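Here's a structure for you.
All of the numbers you see were taken from the coordinates with simple rules; none came from a lab. Values in this document were obtained by computation on a predicted structure and should not be read as measured data. Cβ placement follows ideal geometry from the backbone for every residue including glycine, while neighbour counts extend to all protein chains displayed.
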Amino acid sequence: CKMDLQEVNITPDKPLLQDKHSNESEDNVVECTYTAAGNHYSTKLHVVVQGNRSLGHSIVTFHDVGLNSVSNFGALMNSEAMEPVAHKYCVYHINAPGQEEHARTLPSGHPYPTMENLSDMVPKIFQEFGIKSAICLGSGAGANVFLRFAFKNPSMVEGLIAVNPTISTVGNLSWIGEKITNWTTPFSDQIMNYYFTKSEVELQNHELLDTHRIHFKKFMNEENVINFMKSYERRSDINITRSPDPQQVDKTTLKCQTLILVGDLSPFVDEAVEVNSRLNVKKTTFLKMADAGGMILEEQIFNVAEAITYFLQGLGHIPGVMMTRLARSRTISNSSTGSADGDHKRIRTLSGGSANMDFSPKTEVVIC
């Protein structure tokens, strides 16, 4: 369906994401219209702005199902490891309709926007905040939205960071259908099944599972999240392919530099591999981190932050002096923790440390 997007109202609200690097953190409500089955509907997107808007570069995030800007990106963005990025970027966190904390139930009878609908809303967000181009950071469903957006709007995407991305319909890769189509299963269990495999539940510390189970029950609107999940389940295939003809490759796949992140225990490994197979081999880095599952942004905060920072350095955004500071911080962190678990994960995940990380334009699979 053709989308007709129109701003109705933008109003500041209370901060959802506390930013320790800046006093500026605000929640804006952007109201858009969209068309489904020939009918017009209105929906609200909460956009949390974290940082100083006068900074030269922008990062725009989009979360996964069952999460929002706080629970998906808060720990990462407010971590010490992300300070080199926090000082250089203003971050705009897009919340899908009804996914902000303590959200009201969306109007009944209104179909939830499709993944394609949501991707067509992103340019309006850019327009309203004066963003000409940005780094897009998407997780799960958010990565799917940004893949669509980047393909249709190449000039607006300087780089794409896709965490646990998918590109096919459920008909081709039916993991989500197997996980969440049984709507008689308790809501929190559906979410846990979405993010964690059986082996993960047995291996991971229960604190992570319990924390997210409590978050889902306490802060998220169950009906809204289920509608978002159903929309993701019904997603269409993204018409992106890697052409064998070098002269045609930029016409059939993404033009931007792309970093794909996935954990080796993640339920999304196969989907991430397929995404990688459809992108330009010269512009894509595939990074699979050891000892991490579906919650990679929390399980491997330092390593994810390091990978992102090196990716941004490859784009010319982060100066070398900041990277030196990051490496020094990493050394101090490893020395001070002294934990076998922390050191083991950091060394194995990145093949011996940041010195071996090469984010020049090429596809690189790191399996440790």
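Of all trypsin sites (Lys or Arg not before Pro) in the stretch 44-138, which ones are in loop regions per DSSP and have a Cβ with at most 15 other Cβ atoms within 10 Å? Working shown, then result.
Working: sites: Lys44, Arg53, Lys88, Arg104, Lys124, Lys132; in loops: Arg53, Lys88, Arg104, Lys132.
Within the stretch 44-138, the qualifying trypsin sites (Lys or Arg not before Pro) (loop, at most 15 other Cβ atoms within 10 Å) are Arg53, Arg104, Lys132.
On to the next question. Length gain on complete extension for the stretch Asp189 to Ala36, per 0.36 nm per residue less the alpha carbon to alpha carbon distance?
Details: separation 153, 0.36 × 153 = 55.08 nm, distance 3.04 nm.
The span from Asp189 to Ala36 would gain 52.0 nm if fully extended.
Please state the charge dipole magnitude for the stretch 24-92, taken about the Cα centre, from unit charges on C-beta atoms (+1 on K and R, -1 on D and E), reported in debye and rounded to the nearest 20. Walk me through the numbers before you get to the answer.
Working: 3 positive and 7 negative charges, 38 e Å.
Once rounded to the nearest 20, the dipole reads 180 debye.
Extension gain Val281-Asn239, at 0.36 nm per residue separation less the Cα-Cα distance, in nm?
So the chain would gain 13.4 nm between Val281 and Asn239.
Once you've got the Cα coordinates, tell me which of Lys217/Lys283; Lys230/Lys255; Lys198/Lys251 are over 32 Å apart. Kindly include the intermediate steps, with their values, before the conclusion.
On the way: Lys217/Lys283 40 Å; Lys230/Lys255 30 Å; Lys198/Lys251 40 Å.
Pairs exceeding the cut-off: Lys217/Lys283; Lys198/Lys251.
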